[in-house]
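Have a look at the structure below before the remarks.
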């Protein structure tokens, strides 16, 4: 099994995150993991503007992620934050229809770089996010993974992660909010 180390996304690790994002087309076609932040930052919506907005958030301490390193290279991450920091999730209407109690933390996006998918990066990233959340005071964490059991799903498009990965790390199913999408919770 590959050995990974996780580190917090901050001003010091920003260049590592940026190199990985740039090597992968800004991630999801130039998103830079900004969609979940949900705000109109006044930018033109271009990948360059999203990169700048993400860097600003990181330097201000308003963006959290566990970065996964294999040696000196950042090979993936798991984005997390409070619902105020990450107000957007997919399947929002179904989520809200259950009148949910908002969690302390959300896990919204996971990414493994090209050449590193299927090698345990997502698990390492999620473990790193849980450790960081614990060190930030803990609380109830929600994730919104896809159940891929019995069906083909490209790891490149599992941006919310696989249900099995969350369950292996102790998350429990709370409710379904899409055909294959679940709300899962863990308290640390």
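The values are calculated or read from the model by the stated rules, or taken from the named source; none is laboratory data. Remember, it's a predicted structure, so these values are computed and weren't measured experimentally. Virtual Cβ from ideal backbone geometry, glycine too; neighbours counted across all protein chains shown.
Things to note:
- When residue 42 is tested against the conditions (1) modelled with pLDDT under 95; (2) outside any helix (DSSP H, G or I); (3) closer than 24 Å to residue 144 by Cα, the lone failure is (3).
- Any hit, the range 12-22, residues being assigned to a loop (DSSP other than H, G, I, E, B) and surrounded by 16 or more Cβ atoms within 10 Å (Cβ to Cβ): yes
- Residues in the range 131-176 that are in a loop (DSSP other than H, G, I, E, B), modelled with pLDDT under 95 and either within 14 Å of the chain's Cα centre (by Cα) or farther than 18 Å from residue 117 by Cα (or both): 150, 158, 159, 160, 161.
- Selection over the range 156-184 of residues that are buried (at least 17 other Cβ atoms within 10 Å of the Cβ), on the phi < 0 side of the Ramachandran plot and in contact (Cβ under 8 Å) with a residue 40 or more places away in the chain gives a count of 10.
- Evaluation of residue 75 against (1) crowded, with 23+ Cβ neighbours inside 10 Å; (2) assigned to a helix (DSSP H, G or I); (3) more than 13 Å from the chain's Cα centre (by Cα) (one fails), failing number: (2)
- Any chance residue 153 is in contact with a strand residue (DSSP E or B) (Cβ under 6 Å, 6 or more places away or on another chain) and at negative phi: no
Per-residue answers, yes or no, for (1) buried (at least 21 other Cβ atoms within 10 Å of the Cβ); (2) assigned to a helix (DSSP H, G or I); (3) under 15 Å from the mean Cα position of the chain (by Cα):
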residue	(1), (2), (3)
66	yes, no, yes
87	no, no, yes
102	no, no, no
114	no, no, no
119	no, no, no
125	yes, yes, yes
128	yes, yes, yes
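- Filtering the range 78-100 to residues that are touching a helix residue (DSSP H, G or I) at 6+ places or on another chain (Cβ under 7 Å) and at pLDDT below 95 leaves 88, 89.
- Among (1) free of Cβ contacts under 8 Å to residues at least 60 places away in the same chain; (2) over 15 Å from the mean Cα position of the chain (by Cα); (3) in a helix (DSSP H, G or I), the one test that residue 94 misses: (1)
- Subset of the range 107-134 [touching a helix residue (DSSP H, G or I) at 6+ places or on another chain (Cβ under 9 Å) and free of Cβ contacts under 8 Å to residues at least 60 places away in the same chain]: 107, 110, 112, 117, 118, 122, 123
- The residues on offer are 32, 28, and the sole one that is under 25 Å from residue 166 (Cα atoms), assigned to a loop (DSSP other than H, G, I, E, B) and in contact with a helix residue (DSSP H, G or I) (Cβ under 6 Å, 6 or more places away or on another chain) is 32.
- With respect to being part of a helix (DSSP H, G or I) and crowded, with 16+ Cβ neighbours inside 10 Å, residue 58 fits the description.
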